[in-house]
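Q: Take this structure, written in structure tokens, and hold onto it; I'll ask about it next.
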Amino acid sequence: MIIMKTEATTDQVAGVVKEIKKRGFRADVSKGAFKTVIGIIGDERGIDFAQLENLPGVKEVLRIETPYKLISREYNRLSETDQKPFSIKIGNIEIGVKEPIYIAGPCSVESHEQLFRIAESVKQVGAHILRGGIFKPRSSVHSFQGLGAAGREEAVEALTWLRDAGKKFGMPVVTEVRGEAQVDLVAEYVDILQIGARNMYDQDLLTKAASKGKPILFKRHFGASIEEFLSFSEYIAAEGNKDIILCERGIVPVGKGKSFTRYTLDLGAVPAIQKETFLPVMVDPSHAAGRRDLIFNMSCAAIAAGASALMIEVHYNPSEALVDGQQAITPEELKNTISACNQISKLLTPLRK
Ligand code: PEP
Ligand code: MN
């Protein structure tokens, strides 16, 4: 990490970046109001820091050991960009500063009619962003894999519906990219790329998705520690894309008996991650609970824990849903959930600092 002098010129910053590149590394330039800090991307062990310290415009050089330095509060504090809250803008929606943002929609896009009906209803009750899976991660090859699995034409059709539903009802849209090969196509249609829990460790997918320059909704793997989750987020940041929304969605339950939830929602992760990074943290209570009767309470708890956004699966007739019907709530239930969450947020926001 190279801290530039307050009076360092643009040319001096460029000179340092050039020196870093000459040594075979990439550089992340973080420009604060008064100071510029340059992060080195790669295995820094072979770098002679004393040499860099002597370059014109350099104030000091620090070795930061954390594996997620580019997204760390520490790095941003050094460049003083940490002074203002960081938020991610998607159209006129902002995640990370104001009121909670609600992402809602079906687990999976099933038909034009299903998607448009759900989109209209979630918008009506206060959702900001529309979700809908087209390439579904499934445990069994014999289950419905999402409309995208049928072929490129079918994927394009479903992506077009998603884009159009978002346009019609005034919501940005998000869908999952399950593999590198889907990234180019999906990025043409959606506003946010989702990387699912199962793919948190796929660094090639992370790099490819990040390179599109669109916000990434990044889910924690159900077996990953917070440190691993943040370390893999760094692969996205290393591409120069810091529009990363970190999503807690539950980790594997412990013990042998019944857990009564699909996964264990780790709500401590929300404030803990917020201490480490400036990135917004959101919660998906649907995949954590795996049952609709818990969504209201878990959503309220997530907002109380400080989540900036929630993602909730919704269907007008959950028993009809091809995937995850047991955890989908109705638009009416979403309305109550949003109303309660907004009240909790209003109550707690002024008390937080
Ligand atoms: C999803 O959001 O559609 C999904 C499959 O979630 P996860 O990756 O958390 O299981
Ligand atoms: Mn689902």
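Where a number appears in this text, it was derived from the coordinates with a stated rule and is not lab data. Treat the numbers as computed from the prediction; the structure is a model and nothing was measured. Heads up, the Cβs are rebuilt from the backbone with ideal geometry, glycines too, and the neighbour counts pull from every protein chain shown.
Q: Treat the count of other C-beta atoms within 10 Å as a stand-in for reagent exposure and order Ser259, Ser345 from fewest to most.
A: Ser259, Ser345
Q: Now, a different point. Given the options Ala150, Ala197, Val186, identify the residue whose Cα lies farthest towards the positive end of the charge dipole of segment 150-219 (+1 on Cβ of Lys, Arg; -1 on Cβ of Asp, Glu).
A: In segment 150-219, that residue is Ala197.
Q: Report, largest value first, the span of the C-alpha coordinates of segment 85-160 along each principal axis, in whole Å.
A: Between the extreme Cα coordinates on each principal axis of segment 85-160 lie 44, 26, 22 Å.
Q: If each DSSP helix of 4+ residues adds -39,500 (n - 2.57) and the sum is divided by the residues in the chain, what number results at 222 nm, nearest 500 deg cm²/dmol?
A: On the way: 12 runs with 126 residues, N = 353.
Computed ellipticity for the chain at 222 nm equals -10500 deg cm²/dmol.
Q: Once you keep just the Cα pairs under 8 angstrom separated by 6 or more residues, what percentage relative contact order results for segment 229-276? It would help to have the intermediate numbers written out before the result.
A: Details: 26 pairs, mean separation 13.3, N = 48.
Contact order relative to length: 28 percent.
Q: Please compare each pair in Lys84/Lys353; Lys35/Lys89; Lys84/Lys275; Lys168/Lys346 to a cut-off of 19 Å on the Cα-Cα distance and tell me which ones are over it. Spell out each step's value before the answer.
A: Numbers: Lys84/Lys353 14 Å; Lys35/Lys89 24 Å; Lys84/Lys275 15 Å; Lys168/Lys346 30 Å.
Check vs 19 Å cut-off fails for Lys35/Lys89; Lys168/Lys346.
Q: Using only Cα positions of segment 276-353, each an equal point scatterer, no hydration layer, compute I(q)/I(0) via Debye at q = 0.18, 0.24, 0.26 Å⁻¹ and quote the log10 values to two decimals.
A: -0.71, -1.07, -1.20
Q: A further question on this structure: Amide H of Ile312: which non-local residues (sequence gap of 5 or more, or other chain) have their own amide H closer than 5 Å, using H built in the peptide plane?
A: Under 5 Å from the amide H of Ile312 lie the amide H atoms of Ile103, Ala104, Gly105, each far enough along the sequence or on another chain.
Q: Using a basic spin-label model with each label point 7 Å from the Cα along Cα→Cβ, how many nm lie between Val97 and Gln343?
A: 2.8
Q: So what's the convex hull volume per residue for the Cα atoms of the chain, in Å³? Can you show the working numbers first?
A: Values: hull volume 51.8 nm³, N = 353.
Taking only Cα atoms, the chain has a hull volume of 147 Å³ per residue.
Q: Could you work out the mean projected area of the convex hull around the alpha carbons of segment 1-86, in square nanometres to one decimal?
A: Numbers: hull surface 20.4 nm².
Hull-based average projected area comes out at 5.1 nm².
Q: How big is the Kirkwood radius of segment 102-212, worked out from every pair of different alpha carbons and given in Å to one decimal?
A: On the way: mean 1/r = 0.0715 Å⁻¹.
Computed over segment 102-212, the radius equals 14.0 Å.
Q: Then there's this: Give the span of segment 124-277's Cα atoms along each principal axis, as three whole-Å numbers ordered largest to smallest.
A: 44, 38, 36
Q: Could you give me the percent of Cα pairs per 5 Å distance bin for segment 37-142, shortest bin first, beginning at zero and ending with the bin that holds the maximum distance?
A: 2, 9, 13, 11, 11, 9, 9, 10, 9, 7, 5, 4, 1
Q: Hey, can you grab everything whose amide H is under 5 Å from the amide H of Ile251? Only 5+ residues off in sequence or another chain; H modelled, so Pro and N-termini drop out.
A: Excluding prolines and chain starts, which carry no amide H, the hits are Thr264, Leu265, Asp266.
Q: For the chain, modelled as a Gaussian network with Cα springs under 10 Å, which listed residue fluctuates most, Asn199, Asn342, Asn92?
A: Asn92
Q: In whole Hz, what ³J(HN,Hα) sequence does segment 211-216 give by Karplus (6.51, -1.76, 1.60; θ = phi - 60°), x for Gly and Pro?
A: The phi angles translate into 5, 6, x, 9, x, 10 Hz.
Q: Next question. Hull surface divided by four, with the convex hull built on the Cα atoms of segment 185-268: how many nm²?
A: On the way: hull surface 24.7 nm².
Computed as one quarter of the Cα hull surface, the answer is 6.2 nm².
Q: GNM on the chain, C-alpha springs below 10 Å: top fluctuator among Val281, Val186, Val252?
A: Val252
Q: For segment 277-284, take each phi angle, set θ = phi - 60°, evaluate the Karplus expression 6.51 cos²θ - 1.76 cosθ + 1.60, and give the result in whole Hz per residue in order, putting x for glycine and proline.
A: After applying 6.51 cos²θ - 1.76 cosθ + 1.60, I find 10, 8, 5, x, 10, 10, 10, 10 Hz.
Q: Shifting gears a bit: Could you list which residues have their amide H under 5 Å from that of Thr175, counting only those 5 or more apart in sequence or on another chain, with H placed in the peptide plane?
A: Close amide H contacts, sequence-distant or interchain: Ile192, Gln194.
Q: Below 8 Å, C-alpha to C-alpha, sequence gap of six or more: please give me the relative contact order for the chain in percent. Spell out each step's value before the answer.
A: On the way: 711 pairs, mean separation 53.7, N = 353.
It rounds to 15 percent for the chain.
Q: Let me ask something else. Given Lys167/Lys212; Lys69/Lys167; Lys31/Lys335, which pairs have Cα atoms separated by over 31 Å?
A: On the way: Lys167/Lys212 21 Å; Lys69/Lys167 37 Å; Lys31/Lys335 41 Å.
The pairs that break the limit, which is 31 Å between Cα atoms, are Lys69/Lys167; Lys31/Lys335.
Q: Between Arg26 and Asn317, with labels modelled 7 Å along Cα→Cβ, what's the label distance in nm to one decimal, could you check?
A: 4.8
Q: Report the FRET efficiency, 1/(1 + (r/R0)^6), for Tyr201 and Glu53, where r is their Cβ-Cβ distance and R0 is 30 Å, rounded to 0.05. Write out the running numbers ahead of the final one.
A: Details: r = 36 Å, r/R0 = 1.19.
Efficiency for this residue pair is about 0.25.
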